[in-house]
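The values are calculated or read from the model by the stated rules, or taken from the named source; none is laboratory data. Remember, it's a predicted structure, so these values are computed and weren't measured experimentally. Here the Cβ positions follow ideal geometry from the backbone for every residue, glycine too, while neighbour counts run over all protein chains shown. We work out accessible area using only protein heavy atoms, side chains counted, and drop any ligands, DNA or RNA first. Shrake-Rupley method; radii C 1.70, N 1.55, O 1.52, S 1.80 Å.
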Amino acid sequence: MSAAPTPLANAPQRLVALRDARGRPLRDLRISVTDRCNFRCVYCMPKEVFGKDYAFLERKELLSFEEIARIARIFRDLGIEKVRLTGGEPLVRRNLEHLIAMLSSIPGLDLTLTTNGSNLTKKAAALKAAGLKRVSVSLDALDDTTFMSMNDVDFPVAKVLEGIDSAAAAGLQPIKVNMVVKRGANEHSILPMARFFRERGHILRFIEFMDVGATNGWRMDDVVSAREIVETIDREMPLEPVDPNYTGEVAERWRYRDGSGEIGVIASVTQAFCKDCTRARISTDGKLYTCLFATEGHDLRSLLRGGASDEEIEAAIRDVWCRRTDHYSEIRTSQTTVLKKIEMSYIGG
Ligand code: SAM
């Protein structure tokens, strides 16, 4: 006697929860809206590589806003709950608020943006009006000497802080501030940053320096571990752990014992979180990547531009996700760190 079919066997494919080869669902989508940036952070887009002659993508290669919105809708139908726009620097893409308006009209999507903050003062109100919920702002130090040596374009701290204030005033809250910690560059800024943002009530998150891309000269010795960061802060401002908001939350949460707020640490190097990674990425030119450290993407743009139906594109994404086995951060060694990986500005940080 043959076994009775399970209810799922008869369900339309799109209603079956999508899981990759390691059982991980698809929940978050990061979209890089431009591979360009007005900063040249030494750990991301170093000047020596991303100089005047660097061949950034041409306009026609970029996904249009309509194409991005269509992709987002298809991903929403596949179970995505959150979309983060990133880059490069997303706010250097002209009229980004038009894209925000298109995406915020898609029901069921939590929409957010990561920015270096340089254009936030100008843009915060328009982004909020277009439907953006909140922002994460990257800032690596509070003193100009350190910050400028990291952004490498002499961009002053005060302008980013002004951008953060504008975002708060516009209601793009809660604001998260992301600080990449690189040994010898800004670890002396850990405590000043913690003190400052604790007072302001914004959530500061420390990111371990990662071996993304192939241009930032990464060495394990340059990584300040999340453990070391937590211990440094705890000695002055006692901390206690907080439960994650949801399974797969990337930042480990800690709160000040006196109730004055919380911080996060993103230990992508020393405590890999691949096993809970539910994130897909779309590069600026419409390739689907299933890991920040991937070496190859899957071309969705040619489907979009070649007349494929939503169902066909959905099937292509399903196929890629079902075969996904990535777990780079769990197997990182000195050999893997020299692999030719995709640059973060293109794949989306
Ligand atoms: N331009 C935007 C920004 O500055 O937030 C968005 C793109 S940026 C690539 C996204 C985030 O990735 C930033 O917080 C940045 O500091 C972080 N990032 C870039 N390179 C990194 C690296 N090698 N290790 C850890 N984080 C990195």
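In table form, for the structure just shown:
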{"item": "Accessible area per residue in Å² at 1.4 Å probe, computed on the range 52-157", "result": "42 Å²"}
{"item": "Between helix 65-77 and the chain: long-axis angle, C-alpha atoms, 0 to 90°, nearest 10", "result": "70 degrees"}
{"item": "For the range 165-294: accessible area per residue (Å², 1.4 Å)", "result": "41 Å²"}
{"item": "Radius 12 Å from Cβ of Ser166, net charge of other residues (Lys, Arg +1; Asp, Glu -1)", "result": "+2"}
{"item": "Three-way shape label, the range 200-248, alpha-carbon gyration tensor, a/c 1.5", "result": "prolate"}
{"item": "Free-standing Cys, the chain [no other Cys Cβ under 4.7 Å]", "result": "Cys37, Cys274, Cys277, Cys291, Cys322"}
{"item": "Neighbour net charge for Ser283 - beta-carbon separation under 12 angstrom, K R +1, D E -1", "result": "-2"}
{"item": "Of all accessible heavy-atom area on the chain, the percent that carbon and sulfur account for (1.4 Å)", "result": "52 percent"}
{"item": "Bins of 20 Å, starting at 0 and running to the largest distance - Cα pair percent for the chain", "result": "29, 60, 10, 1"}
{"item": "Whether the range 74-130 is rounded, prolate or oblate, judged on the alpha carbon gyration tensor where a/c under 1.5 counts as rounded", "result": "prolate"}
{"item": "Protection proxy ranking, peptides 262-275, 144-157, 204-217, average beta carbon neighbours within 10 Å, highest first", "result": "204-217, 262-275, 144-157"}
{"item": "Kirkwood Rh and Cα Rg combined as Rg/Rh, the range 36-159", "result": "1.00"}
{"item": "Student exercise, the chain dipole from Lys, Arg, Asp, Glu Cβ charges, in Debye to nearest 20", "result": "640 debye"}
{"item": "Per residue convex hull volume, Cα atoms of the range 279-330, in Å³", "result": "74 Å³"}
